[in-house]
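See structure below.
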Amino acid sequence: MTVPVGAYIAVSAVLFFTGCAGVLIRRNAVVILMCVELMLNAANLALVAFSRKYGSIDERGSVFVVFVFVIAAAEVAVGLGIILSAYRNRPVVNVDEIHQMKG
Amino acid sequence: MTFDFVEPVVFALLSIGVIAGGAAVVLLNRITAAALLMAFTFLCMAGMFVLLGAETIAAFQVLIYVGAITVLILYGVMFTKFSDGPRALLFKRQTPIAAVIVAAVAIPVALLSFSFTSAPPRPGGGDLPALATSVFTDFAFPFEVASVLLLAAMVGAIVLTRRDDPEEAAMRRRR
């Protein structure tokens, strides 16, 4: 590979912090969910890049990427379920206005 | 003539796509456009996986992220109402521009794809055998745990989004 692994890690870091900033600054619950997906995907890129560069032949890093896919799918399904059921109680998606679940 | 310059150029284009797409998801106020740009980001990421030689992961990326997760998020956008006004007709005014862009992309792609003869598959089948061997030997237990997790998430999503039947709720209250 002619592109150094550090370049992939740099892209991964930038995307991760973009998603992180999105989770912190956005108020819309669905957008927050999208930003979490961006962060998971950035982690996937780092895993695959390191697995390609330093891994042995048996692709361990890629196996973890497959598990991250499973977690991401489950997270989106349950997260949207929570958002929709909270929305049904009170039609807001602004996370600042959703107080019911506070203890 | 060597093609060493191709990989850095493709990498640069894909990283610009990934970073710009991610920034747009965070910064845009139109939720529908943000969701579609998230799909674009995931597509560029799949291209990066191909560049890294992980074709199977790229295929999973397209199937799960670009396919399933984007559709789920778009349904979430549809079912909730946002304060940024009726912007649902996102593509209404741009129809001629869209037609020109689609023609400019689709016609060369179609010509190229019909003029290529497909390359023979690589011996050994890419990265799939190593991945599958790892999943079903060393990681067999986490694999089973992941399938139980998916089942639990499925049941949980159904329970969370199920609308309470008023008759059923009344019967429960009577009891």
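Give the residues of segment B:36-57 that are more than 9 Å from chain A (Cβ to nearest Cβ) and either under 20 Å from B:Asp127 (Cα atoms) or not in a helix (DSSP H, G or I) (or both), sorted by residue number.
The answer is B:Leu43, B:Cys44, B:Ala46, B:Gly47, B:Val50, B:Glu55.
Return the total of residues in segment B:14-47 being surrounded by fewer than 20 Cβ atoms within 10 Å (Cβ to Cβ), modelled with pLDDT of 90 or more and among the hydroxyl-bearing types (Ser, Thr, Tyr).
Looking only at that region, the number is 0.
Checking the structure you have, find out if any residue of segment B:58-66 is at the interface with chain A (Cβ under 7 Å from one of its Cβ atoms), assigned to a helix (DSSP H, G or I) and at pLDDT below 90.
no
The values are calculated or read from the model by the stated rules, or taken from the named source; none is laboratory data. What you are looking at is a predicted structure, and each value in this text was computed from that prediction instead of being measured. FYI the Cβ positions are ideal-geometry reconstructions off the backbone, even for glycines, and counts take in every protein chain you see.
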